[in-house]
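Presented below is the structure to which this report refers.
The values are calculated or read from the model by the stated rules, or taken from the named source; none is laboratory data. This structure is a prediction, so every number in the text was calculated from the model and none was measured. Every residue, glycine as well, gets a Cβ built from its backbone with ideal geometry; the counts of neighbours run over all protein chains shown.
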């Protein structure tokens, strides 16, 4: 029976007589709790946090540096061998524990790949199979960690992490990205302060060119954490031994922990299936018989000494790291608590309450959320200034609405065209120059029809803005609880739908009222008409007549006898009805009396005009340009000739005055235009003053009040519906559960580390 088989079959015995049991000298009862605790922590946090710096020994070395042979000598197990191919394709964590019975298990990412592996020789085969699966049977590198747990009576209590061999240039069979992945793995593991770097170096190569030393110096410049292991001593050329001893004596590249010398199985030994026990015996013979290396201290040569040395350094490193680990884990807990607060959880322990306590907690959270909602919806927080984004936008929309309402007014050619059409449509038995209310009303009804569009647009804009503000507040306050969020949106949509319908009814009512009462003989109309005429009068560029005051006969359709006075001494002239005649009055306040209808004024040279042209020249000029042909008479000849006539009957003007009857239409249009502009202004101002106020009341204040009421009602949700309505978003629940798991693990780990500190303190005291 071979030595390997004897080891595996006799593992039930606590006493095994084989040379490899020299490794048992590294066993120390006191270190088992330390190593076991660190391994347990490493297992526990592997899936939740890879940033915790746990003490470890990481093995690095170039391909074919003898790295696998060193690990085999330390563990007694077989590792993959691939000839020209990569043998280590992913990080390999090798946990060795001394136990009375044999047990081996292979794991990956918390999943057991193979349990109860029968012999130490079979482990390498299972590792190779899993590596090929991870790399798709290619010569490439994977970052997945394979975990090998081995228990046997000859093993040291030691944990090593073996990284893939360093390569500088890839071969044709190797993946081109392998170099970069290996460098990333080295950086990830060696950059941690608690990592002990075990650099495997071929003794036959110049140490200054060693890739393992290069990377060790990169992350440990002072050599504080690096242990050098010189391998393949039998390949050192004659005469080069002294140079190698200089390296060993820390004279060339000094390391704090120095160097150790080992001679593991050669490739010939492996090909000849030389057992590990035989290899250990041959190693000791090599050192004892070597003229150059026999003087090397026993604790610095051979694999058994290396195992003891590594165990001591790992234990020392763990003891030193305990306070730092506890501090780091407390920092992790603080970070978790901060993430809980970000999720709206002030104290995560409240999530672990009993049903009754949880109901009280959720009720309080619901009430608090509703209070916050009511505060946000009004844009006011205690101690803060009013800062509601709705009102600034509302003012902007109001200004746009005012401008659009004024732009909708009929003016100039559009207004004249509507007046003409209305005059034709409403023509009746009245005299041709009779001012008809029907014409004014017809045009104003067209204006009322035109203002529907800006009113509807204003309503739509306010509705959209209000909904945006309310929706943003709802999302801000309730985004962590989707059921409550949806319910609040549903409440808001129901309220908004009802109030929107109310606003449209208000709009229809306002327009209906305007259409029904286009005109009423009231002071508002008179004042507006007076102001309109006065503006045009003051803006008139025409100078008053310079001739002496004269009187002529003027024929009116509504007033039999009307006198028009013109004075060279006054720039202001008004028409005032007085018992069948018009009297002169220069007081502007008299303009609040209704002006007389248009009049015809006889002119010399066959031309005629209206005295209103001197009062409202802008309107007159516009009307003349758009409706009538231009007068060809010289302006100096346009001089009214007025004469006093008896009030008993109108005097027929002589034929020589040659009155132009076509100007009657121009004069009527001017009068209509003045009156319609005044009516449009009244309608516009009335709607501007009332409609936005009604809309704001319905869509803003009334909606806010109803949301207040509904949120208060929702605050009193029954306990049987509380869990459902306060449920978090699925992603939030998942994140919340992750944080709860992390915090529990961190707390449990801190407790274990405290116990470990106490155990070590007691052991030191004893």
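Of the residues making up the stretch 115-145, those that are under 19 Å from residue 69 (Cα atoms) and touching a helix residue (DSSP H, G or I) at 6+ places or on another chain (Cβ under 6 Å) number 2.
Every residue, every condition in (1) within 30 Å of residue 454 (Cβ to Cβ); (2) loosely packed, with under 13 Cβ neighbours inside 10 Å; (3) at pLDDT 70 or above; (4) touching a helix residue (DSSP H, G or I) at 6+ places or on another chain (Cβ under 8 Å), yes or no:
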{"site": "328", "(1), (2), (3), (4)": "no, no, yes, no"}
{"site": "342", "(1), (2), (3), (4)": "no, yes, yes, no"}
{"site": "349", "(1), (2), (3), (4)": "no, yes, no, no"}
{"site": "369", "(1), (2), (3), (4)": "no, no, yes, yes"}
{"site": "382", "(1), (2), (3), (4)": "no, yes, no, yes"}
{"site": "386", "(1), (2), (3), (4)": "yes, yes, no, no"}
{"site": "398", "(1), (2), (3), (4)": "yes, no, yes, yes"}
{"site": "404", "(1), (2), (3), (4)": "yes, no, yes, yes"}
{"site": "418", "(1), (2), (3), (4)": "yes, no, yes, yes"}
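If only residues of the stretch 161-185 that are farther than 12 Å from residue 141 by Cα and touching a strand residue (DSSP E or B) at 6+ places or on another chain (Cβ under 6 Å) are counted, the one that is modelled with the lowest pLDDT is 173. Could you name every one of the helices (runs of 4 or more DSSP H) located completely within the stretch 165-257 that has at least 2 residues being under 45 Å from the mean Cα position of the chain (by Cα) and either farther than 22 Å from residue 291 by Cβ or touching a residue at least 40 places away in the same chain (Cβ under 8 Å) (or both)? Helices (runs of 4 or more DSSP H) meeting the threshold: 178-190, 211-219. Which of the following residues is surrounded by 16 or more Cβ atoms within 10 Å (Cβ to Cβ) and at pLDDT 80 or above: 686, 735? Only one candidate qualifies: 735. Kindly evaluate residue 257 against the criterion of being surrounded by fewer than 19 Cβ atoms within 10 Å (Cβ to Cβ), closer than 23 Å to residue 238 by Cβ and touching a helix residue (DSSP H, G or I) at 6+ places or on another chain (Cβ under 8 Å). Taking the combined requirement at face value, the residue does not satisfy it.
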